[in-house]
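Down below is the structure, laid out as structure tokens.
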Amino acid sequence: MKILLGVQTTGNGHIVRSAALLAGLRDRGHEVYCLLTGPSTDKRWNLDTFKPCETRFGLSFASRGGKLNYWRTTLENKPIRFFLDVQQLDWRGYDLVISDYEPVTAWMAKKRGMPSIGIGHLYAFIHDVPKSPGNRFAHWVTNIFAPVRYPLGSHWHHFDQPLLPPTVADDIHQLKPSEAEHLLVYLPFEQQAEVIELLKKFPEQQFRLYTGTSEQRQIDNVQLCKIGRQGFINDLASCRGVICNAGFSLVSEALHLGKKVLVKPLTGQVEQESNAVALEQLKLGHWMSEMNADNITAWLDMPAIKPCNWPQVMGPLADWIGAGDWGNHDALCEQFWPDKQLS
């Protein structure tokens, strides 16, 4: 098949997951061309694996101080440009569009009447899974951001729905977890100076804070680390726990390795707020609505968790895509949850 793969590059999770799926599809003989959208397309990540590809601005959400900022989101997105990108994207010759919650390819396929598959955590929210009350507008935006004909969501539990487990990348599956002295911290939506000052209140703890620093340096008990995949996952494998925002991919990787997690959801972002609800409901992690010393102290006293050991998903997923029976999710999903027949 000739496939157009849309990848949103606003976070590491989309990139890592899509790269693994891309490799699986190409290994099976499919011709895959990629469209990358988002503000980080050439800043932090090595995107050579996606070539041949092209980039567009796409759509994204803006935040400030740990809160989703609807005003900045409205100002920074360019609706006319987005409309033109959807109109002008060359769709001819493709048999299938796959969207990793990427809006340009999803809306192009919808407009052209093309078959489209959506893969990612956010597509789980069309099912009966834990959700934050949020606000109705935010839920509506989430549902229409990247609409597809065949949505295929993933989550930490099946909730009696046709869902995949987390699509943990091969480099995480290959790690051997250990336990050093440090705690891993990744809070990109928060003010980094405030994060550092908070962590300094725990001088007996060693923190490795991944942030936008140009070089590694030490501030008291906080080691500032430059963002990069290999160093990050090595520190993840050896840490005692993870403090992070409530994005799905990093939390999934931590749970896979048996690392206890404390999440601070991006306020107003219904996905992250819903992830916090699910973590508590499943007793897999803990969350805080505000970053303060009391919340961290309580979490530090909590025990480690057992590794979730999520199964390999990408190979069977690539086979399912190649088989072409895209309306049948149950057979694919049930193989990953042997203890439960989905209703």
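In the range 273-291, what residues are farther than 12 Å from residue 246 by Cα and outside any helix (DSSP H, G or I)?
283, 284, 290, 291
Name the single residue that is surrounded by the most Cβ atoms within 10 Å (Cβ to Cβ) among those in the range 153-174 being of a type outside the set (Gly, Ala, Ser) and touching a Phe, Trp or Tyr at 6+ places or on another chain (Cβ under 6 Å).
Among those that are of a type outside the set (Gly, Ala, Ser) and touching a Phe, Trp or Tyr at 6+ places or on another chain (Cβ under 6 Å), it is 168.
Go over the candidates 188, 177, 203 one by one and state the one that is touching a Leu at 6+ places or on another chain (Cβ under 6 Å), surrounded by fewer than 19 Cβ atoms within 10 Å (Cβ to Cβ) and assigned by TED's automatic domain parsing to the domain that holds residue 244.
Every option except 177 fails the conditions.
Across the range 296-343, what is the total count of residues that are farther than 27 Å from residue 18 by Cβ and surrounded by 18 or more Cβ atoms within 10 Å (Cβ to Cβ)?
2
Go through the range 108-120 and give me each residue that's of a type outside the set (Lys, Arg), more than 24 Å from residue 272 (Cα to Cα) and out of contact with any Leu (no Cβ under 7 Å at 6 or more places or on another chain). Can you show your working first?
Looking only at the range 108-120, we keep the residues that are of a type outside the set (Lys, Arg), and these are 108-109, 113-120.
The next check asks that each one be more than 24 Å from residue 272 (Cα to Cα); those that pass are 108-109, 113-116.
109, 113, 114, 116 - these are the residues of the range 108-120 that are of a type outside the set (Lys, Arg), more than 24 Å from residue 272 (Cα to Cα) and out of contact with any Leu (no Cβ under 7 Å at 6 or more places or on another chain).
Pick out, from the range 153-272, the strands (runs of 3 or more DSSP E) lying fully within it that include 3 or more residues that are closer than 30 Å to residue 335 by Cβ and not aromatic (Phe, Trp, Tyr).
260-263
Go through the residues of the range 109-121 one by one and say whether even a single one is under 22 Å from residue 4 (Cα atoms), modelled with pLDDT of 90 or more and in contact with a helix residue (DSSP H, G or I) (Cβ under 6 Å, 6 or more places away or on another chain).
Yes, some residue in the range 109-121 is under 22 Å from residue 4 (Cα atoms), modelled with pLDDT of 90 or more and in contact with a helix residue (DSSP H, G or I) (Cβ under 6 Å, 6 or more places away or on another chain).
Among the residues of the range 84-102, are any within 28 Å of residue 164 (Cα to Cα) and assigned to a helix (DSSP H, G or I)?
Within the range 84-102, not a single residue is within 28 Å of residue 164 (Cα to Cα) and assigned to a helix (DSSP H, G or I).
Of everything in the range 233-256, what is closer than 21 Å to residue 8 by Cα and touching a strand residue (DSSP E or B) at 6+ places or on another chain (Cβ under 6 Å)? Give them in sequence order.
244, 246, 250, 251
If I go through the range 263-294 residue by residue, how many of them are under 20 Å from residue 127 (Cα atoms), touching a residue at least 24 places away in the same chain (Cβ under 8 Å) and not aliphatic (A, V, I, L, M)?
The number of residues fulfilling the criteria is 7.
The values are calculated or read from the model by the stated rules, or taken from the named source; none is laboratory data. If you're wondering where the values come from, they're calculated on a predicted model, not measured in any experiment. Here Cβ is always computed from backbone atoms with ideal geometry, including for glycine, and neighbour counts include all displayed protein chains.
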